[in-house]
Amino acid sequence: IFTERAPRITSTRNIIQYNMPPTNTPAKVSVQPAQVPVASTIDIFGSGFHGDRLDLRLYSSRWPEPGLAAGWNLTQTSEDQLTATVMPTAVIERTGTPIDVLPGVFGAQVIVTRMVQLSNGEVRNIRNVSNQFPFMICPRIDTLVTAPGSLTVTGYLFQHALLNVNELMVYLGEERIFLDDDGVFNPGEFQVT
């Protein structure tokens, strides 16, 4: 029995910064639950994050088993907040095998490990696991290049062996642009190059 509460996640959040056209005025928006691109920061809010070690377990329907956010720089920034930088890879928890982090819906779970000294002097690691909480990893847009009649978007990650191109949806404002599926590139269509 521990006097500390078990860890619990109550929300995830990220801040998206962008330049507002036409004057390129800097702007930002807070997104909850988090919709974060790779190389950006995710905030995890909750309670019971105190311990000797913190780990972030990840669940993805694309993975055969849970992963750990190894190298994501998981840091406790306040009593009720953790921060991590989303990286392009994680590791399978059981084997340590690297696995790609692809856009999609993920479950986050905080593992708090406490080192407890028993009455006989032995030190035992006790792990408490939080609830799972959803967040989304999104493709990242790095640059937009316009030309008469076209727009080229460069970013991370629009193509991968485990991604079906039909999963990619493109919108310009509220207007959906559809995948070119007949080899004739028409207005209102996109291609993944």
Members of segment 1-24 found to be part of a strand (DSSP E or B) and of a type in the set (A, V, I, L, M), listed by number: I9, I15, I16, M20
For residues that are open to solvent by 20 Å² or more (accessible area, probe 1.4 Å), in contact with a Pro (Cβ under 9 Å, 6 or more places away or on another chain) and part of a strand (DSSP E or B), scanning just segment 110-151, find the one that is farthest from L54 (Cα to Cα). I141
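Run down T85, T89, T75, T95 and say which single residue is under 18 Å from P7 (Cα atoms) and hydroxyl-bearing (S, T, Y).
Working: T85 fails: under 18 Å from P7 (Cα atoms); T89 fails: under 18 Å from P7 (Cα atoms); T95 fails: under 18 Å from P7 (Cα atoms).
Just one listed residue meets the conditions, T75.
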Which of the residues spanning segment 81-103 are out of contact with any Gly (no Cβ under 6 Å at 6 or more places or on another chain), surrounded by fewer than 16 Cβ atoms within 10 Å (Cβ to Cβ) and in a loop (DSSP other than H, G, I, E, B)? P88, R94, T95, G96, T97
Among the numbered criteria (1) open to solvent by 80 Å² or more (accessible area, probe 1.4 Å); (2) among the aromatic types (F, W, Y); (3) not in a strand (DSSP E or B), which single criterion is violated by F178? (3)
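If a residue has to be touching a Phe, Trp or Tyr at 6+ places or on another chain (Cβ under 7 Å) and either part of a loop (DSSP other than H, G, I, E, B) or under 10 Å from P103 (Cα atoms) (or both) to count, how many in segment 159-174 make the cut? I'd like the intermediate steps shown before the answer.
First pass over segment 159-174, keeping only residues touching a Phe, Trp or Tyr at 6+ places or on another chain (Cβ under 7 Å): 168, 170.
Imposing the further condition that a residue be either part of a loop (DSSP other than H, G, I, E, B) or under 10 Å from P103 (Cα atoms) (or both) reduces the set to 168.
Residues in segment 159-174 being touching a Phe, Trp or Tyr at 6+ places or on another chain (Cβ under 7 Å) and either part of a loop (DSSP other than H, G, I, E, B) or under 10 Å from P103 (Cα atoms) (or both): 1 in total.
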Restricting to segment 25-45, what's the tally of residues that are surrounded by 12 or more Cβ atoms within 10 Å (Cβ to Cβ) and either touching a helix residue (DSSP H, G or I) at 6+ places or on another chain (Cβ under 7 Å) or assigned to a strand (DSSP E or B) (or both)? 9
Give the residues of segment 152-175 that are open to solvent by less than 70 Å² (accessible area, probe 1.4 Å) and either over 26 Å from the mean Cα position of the chain (by Cα) or of a type in the set (A, V, I, L, M, F, W, C) (or both), sorted by residue number. V153, L157, F158, L163, V165, L168, V170
Based on this model, can you work out whether S150 counts as small (G, A, S) and more than 20 Å from L56 (Cβ to Cβ)? yes
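Sort through R140, R176 and tell me the only one that's basic (K, R) and touching a Ser or Thr at 6+ places or on another chain (Cβ under 8 Å).
Values: R176 fails: touching a Ser or Thr at 6+ places or on another chain (Cβ under 8 Å).
Every option except R140 fails the conditions.
The values are calculated or read from the model by the stated rules, or taken from the named source; none is laboratory data. Worth saying up front: this structure is predicted, and the values here are computed from it rather than measured. Positions of Cβ are backbone-derived with ideal geometry, glycine not excepted, and every protein chain shown enters the neighbour counts. For the accessible areas, the whole protein counts, side chains as well, though only heavy atoms, and no ligand, DNA or RNA atoms are used. Shrake-Rupley method; radii C 1.70, N 1.55, O 1.52, S 1.80 Å.
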